Amino acid sequence: MLNRRSFAGLLTAIAAASFIPGIVQAQNTAVAKNVVLVHGLYADGSSWMEVIPYLQRAGLHVTAVQNPLTSLADDVAATRRVLASQDGPTVLVGHSFAGTIISEAGNDPKVSALVYVAARAPDAGEDFGALAAKFPKPPASAGVIKQDGFFWLSEEAFLRDFAGDIEPSKARALYAVQGRGADALPNTKTTTAAWRAKPTWYQVSTEDRTINPELERFLAKRMNATTIELGSSHVSLVSHPKEIADLILLAAGHKKSQ
């Protein structure tokens, strides 16, 4: 059941996304001045380019982290460096694997809220691979290429299973800038779970072929996150940028821009 505060905020998102009842927590957050956006595997910071203008027009200071994807420690360090440069309350947003990064880095006192976009959300010390194995394996897994200690997606898998609802020429451009992840990266365990202490929002991609949508729903429910669903591929931040921006604005305590 929605409380009045959650209901007032979520009314702005319902028109663009279907709300999942019964998993909303009271979101007592400071009004944020900043947003820090963190990309996941098979991507780089440019994956946020469609979302950023909406947030900037709302008056927020926005920074996209460029993760090296060489280790969880390196990625967390890159995010913490960006957080250190923020002035005031900051919403920390992670897509895909970056959910692991923001879970580890999100206890920073500047972080006022966390937003997970079709993202992992491990608990502290959790074997996330074992958790994910309880759900049907997503099709993108079959398209992983490994070489010299790093991995990435084949072009076929990227276009079909990662960015399947993106116009092909744009999807190929995203493929060209995808990051290469270190082999050990996905299996590294976190030491903390910031979502246990911070107000949290989550977006589920119902057509996701990179992370199983049922796993996403499980994670959102476990976090007691304010949750929306979008009929999107894994890259909802590209195919549904306004809806993702609106969710971030809710987490930031800003009204949805008209």
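With a point put 7 Å past each Cα toward its Cβ, work out how far Asn187 is from Glu207 in nm, to one decimal. About 3.4 nm, to one decimal. Each residue in Leu55, Leu83 was given a count of other beta-carbon atoms within 10 angstrom of its own, and listing them fewest first yields Leu83, Leu55. Among beta bridges identified by DSSP and lying wholly in the chain, the antiparallel ones come to about 25 percent.
Report the percentage of all Cα-Cα pairs in region 4-251 whose separation exceeds 31 Å, rounded to a whole percent. Counting pairs separated by more than 31 Å, the tail of P(r) holds 14 percent. When its C-alpha radius of gyration is set against 2.2 N^0.38 Å (N residues), region 189-258 gives a value of 1.16. Computed per residue of the chain from DSSP H runs no shorter than four, each worth -39500 (n - 2.57), the mean residue ellipticity at 222 nm is -8500 deg cm²/dmol. Just to verify a number: FRET efficiency for Arg196 and Ala73, C-beta to C-beta distance, R0 = 22 Å, to 0.05? It comes out at approximately 0.60. So, counting K/R as plus one and D/E as minus one, what does the shell of residues with Cβ under 9 Å around Gly88 add up to? Every neighbour counted, the sum reads +1. Measuring nothing but alpha carbons in region 141-258 and taking Rh as the Kirkwood radius, the Rg to Rh ratio lands at 1.00. Angle of helix 4-14 to the longest C-alpha principal axis of the chain, folded into 0 to 90 degrees and rounded to 10: 50°. Angle of helix 241-251 to the longest C-alpha principal axis of the chain, folded into 0 to 90 degrees and rounded to 10: 50°. Residues of region 108-137 falling in the label zone of His61, defined by backbone nitrogen less than 19 Å from a point 7 Å along Cα to beta-carbon, are 108-114.
Ranked from largest, the principal axis spans of the Cα set of region 30-135 equal 42, 28, 24 Å.
Taking the number of Cβ atoms within 10 Å of each Cβ as an exposure proxy, the fewest-first ranking of Met49, Met223 is Met49, Met223. Using the empirical formula 2.2 N^0.38 Å as the baseline, the Cα radius of gyration of region 132-173 reaches a ratio of 1.30.
The numbers here are math on the coordinates, done by the rules we state, and not lab data. Keep in mind that what you see is a predicted model, and the values were worked out from it rather than measured. Glycine also receives a Cβ, built like all others from the backbone with ideal geometry; neighbour counts cover every protein chain displayed.
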